[in-house]
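Colleague: Pasting in a structure now, in structure tokens, and then I'll have a few things to ask.
The values are calculated or read from the model by the stated rules, or taken from the named source; none is laboratory data. Remember, it's a predicted structure, so these values are computed and weren't measured experimentally. Heads up, the Cβs are rebuilt from the backbone with ideal geometry, glycines too, and the neighbour counts pull from every protein chain shown. Surface accessibility is based on the protein's heavy atoms, side chains included, excluding ligands, DNA and RNA. Shrake-Rupley method; radii C 1.70, N 1.55, O 1.52, S 1.80 Å.
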Amino acid sequence: MRLNMAPLPLLALCVLGVCALSRVEEMKSQERLFLGSLGLSERPRTTESQKPWRHVPVALWRMFRRSENIQVQESDPCIVPEYGVRGNIIRYVQDQGQLVSGLSSNSQTCLDKQLFFNMSVLQPMELLSLAQLEIQFHWKPFRSAVLLQGPRALSLSLYKVIRATLREANPQANRRLLLSKSVQLQPELTSITMDLTSLADSWRKLGRNYGLVLQLLPLSTDPEELHFRPGNSLPLEPPFTLPLSQASLVVVSLNPQQCRSRQRRSAVHLPVTPSNVCKARRLYIDFKDVGWQDWIIAPQGYMANYCQGECPFPLSESLNGTNHAILQTLVHSLDPHGTPQPCCVPIRLSPISMLYYDNNDNVVLRHYQDMVVDECGCR
């Protein structure tokens, strides 16, 4: 008898295991759905040495803080006022290029730096509004004295690479000049920006993105000042350091499906009096609870809220019922078993902004509609 009964607990455990597995798969499916709306194929992974908040550009932090403080009457989450364009997604796409070489020409030392920005991070439905190249030169304070002994200015040239070439081929034949200017070297931060919107839009097509080449040449009348050492690159004598910070491409795009003209929310204060009538209830979502704190930079969580409660007969104006809901409650009062009550659902939602790391280590600021329940009603 015990032999016949033994499989029953095992069978029960198997059933419970299948249920648990089904629940896990359902949660993973919901996570994939949300990540897909962020343009992510999978959850970004960051190590302790790559904490997102350590690498967030100051400009993105400012934009995020501004979006958090926007009042209802002044809002349009689909416009980026810092750049004067429409968009709900702002990315700082990192340069993935490499140092080509320090070359000598006419007794002068120049630096060639390849720049490559992966534009495939944009989803097909996104409309590109702006792609702005930012190049920064930064002198540390202790370099100020050295600066006075080195080249006073640089000749900066930016080339578009038309097609890939073999190592033995002449690289100049496959470059097209986009920008040429002189940069005065100063102890403080020096930055250069350039609009590359049309070029970056063409990079979204397969096989069109061969990147850029940045060429730096010191300008000086003294032959002894013509040699310099590019930061983190080739050691040239006499030692002179030109630290070039990593270039980035600021990309602003618009997802029309997720950016409707809608007012942003101000602070929503929900009633705390207990009631079984349909209304918005408080719900705070902490991203740490779902294991997303390692790639979502800000906010750490937000007040999402939810709708719950009954839609009793007769429906009052405070329950925001439609004519259909009013009639349904009337029929329900006459036939409670055959006709259900109307449902308590969100009727007014508002957006939030999120700052996060994508799968390519880019920092992204994105505005999302319909994330906060502000008001509920019977439908």
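Colleague: Kindly establish whether PRO239 is at pLDDT below 80 and either closer than 30 Å to PRO346 by Cα or open to solvent by less than 30 Å² (accessible area, probe 1.4 Å) (or both).
Modeller: When the stated conditions are applied, PRO239 does not pass them.
Colleague: Please go through the stretch 337-354 and give me each residue that is over 17 Å from CYS307 (Cα atoms), aliphatic (A, V, I, L, M) and touching a Lys or Arg at 6+ places or on another chain (Cβ under 8 Å), ordered by number.
Modeller: Matches in the stretch 337-354: MET354 only.
Colleague: Do you know which residues across the stretch 333-379 are open to solvent by 30 Å² or more (accessible area, probe 1.4 Å) and in a strand (DSSP E or B)?
Modeller: VAL345, PRO346, ILE347, ARG348, LEU349, ASP370, MET371, GLU375 - these are the residues of the stretch 333-379 that are open to solvent by 30 Å² or more (accessible area, probe 1.4 Å) and in a strand (DSSP E or B).
Colleague: Whether any residue in the stretch 5-19 is of a type in the set (A, V, I, L, M), more than 23 Å from LEU127 (Cα to Cα) and either modelled with pLDDT of 75 or more or part of a loop (DSSP other than H, G, I, E, B) (or both) is what I want to check.
Modeller: Yes, some residue in the stretch 5-19 is of a type in the set (A, V, I, L, M), more than 23 Å from LEU127 (Cα to Cα) and either modelled with pLDDT of 75 or more or part of a loop (DSSP other than H, G, I, E, B) (or both).
Colleague: Being at pLDDT 85 or above and open to solvent by 60 Å² or more (accessible area, probe 1.4 Å) is the filter; apply it to the stretch 87-115 and report the residue that is nearest to LEU365 (Cα to Cα).
Modeller: Looking at the filtered set, the residue picked out is GLN96.
Colleague: (1) closer than 29 Å to GLU68 by Cβ; (2) open to solvent by less than 30 Å² (accessible area, probe 1.4 Å); (3) polar (S, T, N, Q): which one isn't true of THR329, the others all being true?
Modeller: (1)
Colleague: Ok, one more. Is it fair to say ARG45 is modelled with pLDDT of 85 or more, open to solvent by 70 Å² or more (accessible area, probe 1.4 Å) and out of contact with any Leu (no Cβ under 9 Å at 6 or more places or on another chain)?
Modeller: no
Colleague: Could you look through the stretch 174-202, keep only residues that are open to solvent by 70 Å² or more (accessible area, probe 1.4 Å) and closer than 20 Å to ASP112 by Cβ, and pick out the one that is modelled with the highest pLDDT?
Modeller: My answer is LEU177.
Colleague: Here's something else I'd like to know. Under 8 Å by Cβ, and 6 or more places apart or on different chains, what pairs join a residue from the stretch 34-45 that is farther than 11 Å from ILE296 by Cα with one that is small (Gly, Ala, Ser)?
Modeller: LEU35/SER41
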